[in-house]
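Colleague: Take a look at the following structure, please.
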Amino acid sequence: MSIVAVVNQKGGVGKTTTAVNLAASVAVAEVPTLIVDMDPQGNASSGVGVPPRSAQRSVYECLIGTARLEDVVVHTAVPKLDVLPATRDLVAVDVELVDAPDRYVRLARVLADAAARGTVYEQIFVDCPPSLGLLTVNALVAATRVLVPLQGEYYALEGLTYLMDTIDRVKRGLNPTLELDGIVLTMFDPRNNLAQQVAEEVKKHFDVYKTLIPRNVRLSEAPSHGKPILLYDARAKGCEAYLALAKEYLAKQRGETFEHDDAAEES
C-alpha cells in the first residue's frame with residue numbers, strides 16, 4: 001500500500017486538481033485507489049461528485065474515533081476509486097485534539113486499522129489543506145511519500161523551502177520513512193520564460209516529474225460538474241496530461257523506465 005500526501009501550503013497551485021485527477025487516472029488503470037480529503041473546504045470530495053453538504057459522515061468522525069473508514073468511505077463514478085470525504089467539521093480537529101497525545105498519528109491509525117480489517121487500497125492519495133497545521137501533519141505522518149504540485153512562479157520556490165523544512169521535521173520526529181516522491185509542475189505555460197526558469201531551478205535540487213500539467217480551461221470547469229477531467233472531457237489536454245502523469249507515477253512505483261511523449265504536452 002502506497003500513501004501519498006499531496007501537499008503545498010500555497011493555495012491555487014493545482015493541489016486538489018492534481019490529487020483528484022491523478023487518483024482517478026491511476027484508478028482507471030485498474031488500481032484500487034482511495035482519495036482522503038483532509039481539507040475542510042472539501043474540494044477533493046466535490047471534485048469526485050461528493051459535495052461536503054451531502055456527506056453525513058466524513059474523515060472527521062474517523063479522526064476523532066467515532067467511525068471506521070469503511071463505514072464512511074464513498075464509491076465514486078470512477079471504477080476502483082473511492083473517497084473518504086471531508087466536511088466543515090474538520091476545522092474543529094485542531095481544537096478537539098489539541099491535548100491528545102496521539103493527535104499527530106490519528107490518520108495513520110485510521111488507515112492501518114482499516115487495512116488490518118481487510119479494507120486495502122493499493123494507492124491512497126491524501127489531499128491536504130493549504131497550510132502546515134495539524135491536518136497536514138497527520139497526512140505527512142501517515143504517508144510513505146510526498147507529492148508537491150508546484151506552479152511556475154517565483155513565490156512558489158520560496159514556499160517550497162518552508163515545505164521541505166516541515167517535511168524534514170516530520171521525518172526526524174514522527175515519520176522517519178517519509179520520502180519526497182517528486183514535484184509536479186502545474187499550470188505550466190511553455191511560452192512563459194519565468195515558468196521555464198522556475199522549472200530549471202527546481203530540477204537542480206529535486207526530483208521533478210517529466211509530465212507537465214498545462215493550463216487548461218476544461219480542467220478548471222470539471223470540478224463544478226463534480227467530475228474528474230477524464231469523465232468530464234477525456235479529449236482535453238488536461239486529461240491527456242494527467243493520464244500521462246499517472247503512467248509516469250505507476251512506472252516510478254514499479255521501478256520501470258517511463259518513456260515520455262513530448263508531443264502530449266503540445267497545445
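The values are calculated or read from the model by the stated rules, or taken from the named source; none is laboratory data. This is a predicted model, so every value here is computed, not measured. With ideal geometry, Cβ positions are generated from the backbone for all residues, glycine too; neighbour counts draw on all protein chains shown.
Colleague: Look through region 215-263, keep the residues that are without any contact (Cβ under 8 Å) to a residue 12 or more places away in the chain and in a loop (DSSP other than H, G, I, E, B), and return whichever of them is nearest to Val28 (Cα to Cα).
Modeller: If we take residues in region 215-263 being without any contact (Cβ under 8 Å) to a residue 12 or more places away in the chain and in a loop (DSSP other than H, G, I, E, B), then Ala234 is nearest to Val28 (Cα to Cα).
Colleague: In region 77-107, what count of residues is obtained for those that are more than 21 Å from Leu174 (Cα to Cα) and touching a helix residue (DSSP H, G or I) at 6+ places or on another chain (Cβ under 8 Å)?
Modeller: 14
Colleague: Spot the failing condition for Gln151; the list is (1) at pLDDT below 90; (2) farther than 20 Å from Thr136 by Cβ, and only one is missed.
Modeller: It is condition (2) that Gln151 fails.
Colleague: Let me ask something else. Among the residues of region 27-60, which ones are under 20 Å from Pro79 (Cβ atoms), under 12 Å from the mean Cα position of the chain (by Cα) and of a type in the set (A, V, I, L, M)?
Modeller: Of everything in region 27-60, those that are under 20 Å from Pro79 (Cβ atoms), under 12 Å from the mean Cα position of the chain (by Cα) and of a type in the set (A, V, I, L, M) turn out to be Leu34, Ile35, Val36, Ala44.
Colleague: Something else about it: Restricting to region 200-214, name every residue that is closer than 24 Å to Glu256 by Cβ and part of a helix (DSSP H, G or I). I'd like the intermediate steps shown before the answer.
Modeller: Start the filter on region 200-214 by keeping residues that are closer than 24 Å to Glu256 by Cβ, which leaves 202-203, 206-213.
The answer is Val202, Lys203.
Colleague: At pLDDT 95 or above, surrounded by fewer than 24 Cβ atoms within 10 Å (Cβ to Cβ) and more than 19 Å from Ala139 (Cα to Cα): which single residue out of Ala24, Ala29, Ala67 fits that description?
Modeller: Values: Ala24 fails: surrounded by fewer than 24 Cβ atoms within 10 Å (Cβ to Cβ); Ala67 fails: more than 19 Å from Ala139 (Cα to Cα).
Only one candidate passes the filter, namely Ala29.
Colleague: Out of (1) over 18 Å from the mean Cα position of the chain (by Cα); (2) crowded, with 21+ Cβ neighbours inside 10 Å, what's the single condition that is false for Gln197?
Modeller: Single failed check for Gln197: (2).
Colleague: Suppose we filter Leu245, Leu230, Leu212 for residues that are buried (at least 18 other Cβ atoms within 10 Å of the Cβ), of a type outside the set (Ser, Thr, Tyr) and over 29 Å from Met164 (Cα atoms); which single one remains? Walk me through how you get there before you give the answer.
Modeller: Working: Leu245 fails: over 29 Å from Met164 (Cα atoms); Leu212 fails: over 29 Å from Met164 (Cα atoms).
Exactly one of Leu245, Leu230, Leu212 is buried (at least 18 other Cβ atoms within 10 Å of the Cβ), of a type outside the set (Ser, Thr, Tyr) and over 29 Å from Met164 (Cα atoms), namely Leu230.
Colleague: Could you count how many residues in region 70-108 are touching a Cys at 6+ places or on another chain (Cβ under 9 Å), surrounded by 14 or more Cβ atoms within 10 Å (Cβ to Cβ) and charged (D, E, K, R)? Show your work before the answer.
Modeller: Here is the first cut: in region 70-108, the residues touching a Cys at 6+ places or on another chain (Cβ under 9 Å) are 71-72, 84, 106-107.
Adding the requirement that they be surrounded by 14 or more Cβ atoms within 10 Å (Cβ to Cβ) leaves 72, 84, 106-107.
With the extra rule that they be charged (D, E, K, R), the set shrinks to 106.
Final tally of qualifying residues: 1.
Colleague: While we're looking at this one, here's another question. Evaluate region 129-138: report whether one residue or more is surrounded by fewer than 20 Cβ atoms within 10 Å (Cβ to Cβ), under 15 Å from the mean Cα position of the chain (by Cα) and modelled with pLDDT of 95 or more.
Modeller: no
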